[in-house]
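Here is the structure we will look at, set down as structure tokens.
The values are calculated or read from the model by the stated rules, or taken from the named source; none is laboratory data. Note that this is a predicted model, so its numbers are computed, not measured. Cβ placement follows ideal geometry from the backbone for every residue including glycine, while neighbour counts extend to all protein chains displayed.
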Amino acid sequence: MQIESFKVFCDLTETESFTKAAQVNNITQSAVSQQISSLERQLSCLLIERSKKKFRLTREGQFLYEYGKQIMQSYESLLSKVQEVKDIVSGTIRVATIYSIGLHDLPPYLKRFLKSYPTVNVHVEYQRANQVYDDVLGNVVDLGLVAYPNKDVRLEVVPLRNETLVVICHPSHPLARLKSLKLAQLQDLKFIAFEPDIPTRKAIDKFLRDHGVAVRTVMEFDNIETVKRAVEIEAGISIVPMGTVVQEVAKQTLAAVPFSDASLSRPLAVIYKNNKVLSPAMKQFIATLKESV
């Protein structure tokens, strides 16, 4: 019975998907099925109830998962300790990030990290926030990068920094002439928003509501780039992290105006599963993300 088979079985149990388990282990879906069948033959029992539409372990499968997970954690801890003793920082780090962090905040940190540790391969996927959490909890990725991190007993949260949010508008908009603005000046203006389930949208809605300001939401998008393009064509104003519009402000395709009577920022964080054994490479990557650039 090989350690790889335990890992495939544990990944399958956590993702509840043969496709995702194959993706995590860089093997085919057929290979996942073959490894599960091999485990069942060796143990002389069924591990998965195949007649159910929803993924479900048998009683024996649940026992195997509980003990197999302990074996995998011990094995991963062993590998990590050996690498630390040998002062080795290498391997692959799988990262899922929301679009705004991945496109604007992550690149300089990633560049610095890869320059320091060229033998590490960092695989980055861009996802909506809810998918980042699902992928971290399902062990599809090692680390997640999110804004407004959720409190979840299954997750470890490493705070990174707070990003200031500003109002953006077209350079010809009346607000663009201001060095700063009061919240009340946004009343009834056309507003380009993120989609309702996105954490930054929820935070902005609460911020405006708490200050008694109502805007007219005319468009909703699921990523920062589309929001910016809508503002550039004068469809409305928006509120976004300052770091995401530096290039547009420099090119004068957008204007960014801070608030004078209120403060709004969004916290960024790294998340990982609370029983995750971090390799030396993962620890160094998190340390790099916490540094100033």
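Any idea which of (1) surrounded by fewer than 15 Cβ atoms within 10 Å (Cβ to Cβ); (2) part of a loop (DSSP other than H, G, I, E, B); (3) of a type in the set (Lys, Arg) is the one residue 283 doesn't satisfy?
The failed condition is (2).
Condition (residue is on the phi > 0 side of the Ramachandran plot and touching a helix residue (DSSP H, G or I) at 6+ places or on another chain (Cβ under 8 Å)) applied to the range 234-249: is it met by at least one residue?
Checked against the condition, which is being on the phi > 0 side of the Ramachandran plot and touching a helix residue (DSSP H, G or I) at 6+ places or on another chain (Cβ under 8 Å), the range 234-249 yields at least one hit.
Step by step: first the residues of the range 201-250, then only those that are of a type in the set (A, V, I, L, M, F, W, C) and over 27 Å from the mean Cα position of the chain (by Cα), then the one that is surrounded by the most Cβ atoms within 10 Å (Cβ to Cβ). Which residue is that?
If we take residues in the range 201-250 being of a type in the set (A, V, I, L, M, F, W, C) and over 27 Å from the mean Cα position of the chain (by Cα), then 215 is surrounded by the most Cβ atoms within 10 Å (Cβ to Cβ).
List the residue pairs whose Cβ atoms are under 6 Å apart, where the first residue sits in the range 59-76 and is under 18 Å from residue 45 (Cβ atoms), the second is exposed (fewer than 15 other Cβ atoms within 10 Å of the Cβ) and modelled with pLDDT of 85 or more, and the two are 6 or more positions apart or on different chains.
Qualifying pairs under 6 Å: 60/45.
Only one of 39, 79 is part of a helix (DSSP H, G or I), in contact (Cβ under 8 Å) with a residue 24 or more places away in the chain, closer than 25 Å to residue 277 by Cβ and out of contact with any helix residue (DSSP H, G or I) (no Cβ under 6 Å at 6 or more places or on another chain). Can you tell me which?
79
Would you pick out the residues in the range 92-121 that are in a helix (DSSP H, G or I) and basic (Lys, Arg)?
111, 112, 115
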